[in-house]
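**Q** First, the structure itself, so that you have it in front of you.
The values are calculated or read from the model by the stated rules, or taken from the named source; none is laboratory data. Predicted model only: the values in this text are computed from it and were never measured. Cβ coordinates were reconstructed from backbone atoms using ideal geometry, including for glycine residues, and neighbour counts include every protein chain displayed. Surface areas here come from the heavy atoms of the whole protein model, side chains and all, with no ligands, DNA or RNA. Shrake-Rupley method; radii C 1.70, N 1.55, O 1.52, S 1.80 Å.
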Amino acid sequence: MGYWPGDGRGEPVFRLQNRPVYLTDIFIAFHCLSFVVGVLSVATYRLSWFQELSLSPQAVLSQGKVWQIFTYAWVHSPSLWFALWMLMFFWFGREVEFALGRRKYFFLYLSLILAPAICAVLFSLVDPSGGTFYGPDEAHMAIFVAFAALSPAAELIFGITAKWYAVVLLALYVLIDISAHAWTPLLMLSVASGIAYLSVRMPTVSWMHSWGERWRKRSRPFPTPRTSPPPKGTNAPVESIDTILDKISRNGIGSLTKSEREALERARKALLRKEQRK
């Protein structure tokens, strides 16, 4: 797993002094800027904007503050945990971005913010004592779930695999929320984690996938020319795909090169077409 920038994988949004800047880096920059604003606001007792941007399900329903279902994720209070969450987001968010591609990753992150908030608003119709919520903790935990779904055998600290880290962390969050009767945060975490897992392991049924496909079709004013499939005798050998799969099992999907990801995607599409003909 590549922890440090400049490893050359994935397509950067732009380059800054010849260093690639990815979508995850841009998200982190906005979070850091929001954190600084939050710290200064607390220091100067200017907290009115904090209430306006945090998610209050009752305010969304009764006062029409619909922007809160998006802005809450960018509100941060002074805390040392912020640095840990951003570090985890940098490590694992990049890996998910490299694996999914920039467009799918963008819609995944957007859905991890919007969907839990919408569910929290709807849940407030049943339980109006939800309270106020802010911060992207559920979304960033879901990003780690997506990484664990992509590379379950990737070894992290103490040689423990990503799959078991995700299982233990989710179990701890669930137990903590249950003990505190925090049903709305528990719902938000469940929704975000479920979306992240399905988007990675079952992309053909993911609503994020279909949303991204519709957006891509709308963004193309002209149809792209269809490329003819390769001749039957020159298709990619099975052993090359097996080699790619072995590499994923050893090092995770983030270790694939661009050409290997393209070959794997072609094999996946060919398999889907074969299944549809049956």
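**Q** Residues of segment 129-155 being over 16 Å from residue 200 (Cα atoms) and either open to solvent by less than 10 Å² (accessible area, probe 1.4 Å) or aliphatic (A, V, I, L, M) (or both), which ones?
**A** The answer is 135, 136.
**Q** Something else now. What's the total number of residues in segment 84-94 that are open to solvent by less than 10 Å² (accessible area, probe 1.4 Å) and closer than 19 Å to residue 194 by Cα?
**A** 2
**Q** When only residues in segment 101-125 that are open to solvent by 40 Å² or more (accessible area, probe 1.4 Å), of a type outside the set (Val, Ile, Thr) and farther than 30 Å from residue 261 by Cβ count, which is nearest to the chain's Cα centre (by Cα)?
**A** Across segment 101-125, the extreme among qualifying residues is 119.
**Q** Next question, about the same structure. Go through 14, 50, 35, 30 for me and flag whichever is in contact (Cβ under 8 Å) with a residue 40 or more places away in the chain and loosely packed, with under 13 Cβ neighbours inside 10 Å.
**A** From the options 14, 50, 35, 30, the qualifying one is 30.
**Q** Of all residues in segment 17-26, which are open to solvent by 60 Å² or more (accessible area, probe 1.4 Å) and in a strand (DSSP E or B)?
**A** 19
**Q** A further question on this structure: Check off (1) open to solvent by 70 Å² or more (accessible area, probe 1.4 Å); (2) outside any helix (DSSP H, G or I) for residue 175 and give me the number that stays unchecked.
**A** (2)
**Q** Right, another one. Of the residues that make up segment 176-191, is at least one in contact with a Cys (Cβ under 6 Å, 6 or more places away or on another chain), closer than 30 Å to residue 128 by Cβ and either modelled with pLDDT under 70 or not acidic (Asp, Glu) (or both)?
**A** Among the residues of segment 176-191, at least one is in contact with a Cys (Cβ under 6 Å, 6 or more places away or on another chain), closer than 30 Å to residue 128 by Cβ and either modelled with pLDDT under 70 or not acidic (Asp, Glu) (or both), which makes the answer yes.
Residue-wise test of (1) open to solvent by 20 Å² or more (accessible area, probe 1.4 Å); (2) touching a Leu at 6+ places or on another chain (Cβ under 6 Å); (3) over 21 Å from residue 144 (Cβ atoms).
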{"residue": "57", "(1), (2), (3)": "no, no, yes"}
{"residue": "61", "(1), (2), (3)": "yes, no, yes"}
{"residue": "82", "(1), (2), (3)": "yes, no, no"}
{"residue": "127", "(1), (2), (3)": "yes, no, yes"}
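**Q** Something else about it: Kindly establish whether residue 233 is modelled with pLDDT under 75, of a type in the set (Gly, Ala, Ser) and under 16 Å from residue 101 (Cβ atoms).
**A** Answer is no for this residue.
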